[in-house]
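Following: one structure in structure tokens, then a few remarks.
The values are calculated or read from the model by the stated rules, or taken from the named source; none is laboratory data. Quick caveat, the model's predicted, so the values are computed rather than measured. Quick reminder, even Gly has a Cβ in these numbers, built from the backbone with ideal geometry, and neighbours come from all protein chains shown. Protein only, heavy atoms only, side chains kept; ligands, DNA and RNA dropped before computing areas. Shrake-Rupley method; radii C 1.70, N 1.55, O 1.52, S 1.80 Å.
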Amino acid sequence: MSTVKIPAILANIPLFREMSPEEIERIAAGTRELHLARGDVLFQRGDPSTGFYVVIHGQVKLALTSPQGIEKVVELFGPGQSFGEAVMFMGKPYPVYAQTLTDSLTLHISKNVVLGGIDSDPAFCRKMLAGLSIRLHRLIHYVESFSLRSSAQRVIGYLLQDLEEVQQGQDIQISLPANKNVIASNLNITPETFSRILHNLSDDGLIEVKGKDVLIKDIARLRAYDE
């Protein structure tokens, strides 16, 4: 028997944060669990959308492959994050593929239950729009990070993305959620550049790197750092 509390999870993702308990229960009825092994593909590029996904645990990448066989990682998703909403509403095939990087548990929320709620209740639609606005703000920030930041700033922003409230003087250890090639592709830099930046930050006494573990030693200086 599943131990996943689907309504509680749905109530905490941005898209459904404004929903009532009754609305959440209705969405939960159209939600199913997907237990996935590392390397499993949730959908291929060109597949039709039947809903969207929420990661409970594990890691999922959205990526595409060039005609030359080079993979470009578009985005990485971890616990509590959702993906696939925009394609679901557009009614178009997926422009990328989704693949797990680790053993993962995701939820699939049916397109029919979401569109049914929109058709039957204008207030439901307004709440969905509020949630999508949060995702749009995140996407704009993501695009700005590539167009306005140096390679070093992108790497530092990635290391600090969930550490806004950590104070100066506190050492903190994080674990990279994927291998360096995947992270570098997501940041639109080469693996060699990614490794060089980590090496420079380490030489400057800002971080220590041991495999996938990164110890951040001086957050204030790291935030101000640039090559």
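Observations on the model:
- Residue within the range 97-115 that is assigned by the TED database to the domain that holds ILE13, modelled with pLDDT under 75 and within 20 Å of the chain's Cα centre (by Cα) present: no
- Between ASN186, ASN179, the distinction of being open to solvent by 40 Å² or more (accessible area, probe 1.4 Å) and either within 27 Å of GLN99 (Cα to Cα) or not assigned by the TED database to the domain that holds GLN153 (or both) belongs to ASN179 only.
- When the criteria are applied in full, ASP119 meets the requirement of being modelled with pLDDT of 80 or more, assigned by the TED database to the domain that holds GLY58 and exposed (fewer than 15 other Cβ atoms within 10 Å of the Cβ).
- Consider the range 209-227 and keep the residues that are surrounded by 15 or more Cβ atoms within 10 Å (Cβ to Cβ) and within 11 Å of ASP171 (Cα to Cα). The one that is modelled with the lowest pLDDT is ASP218.
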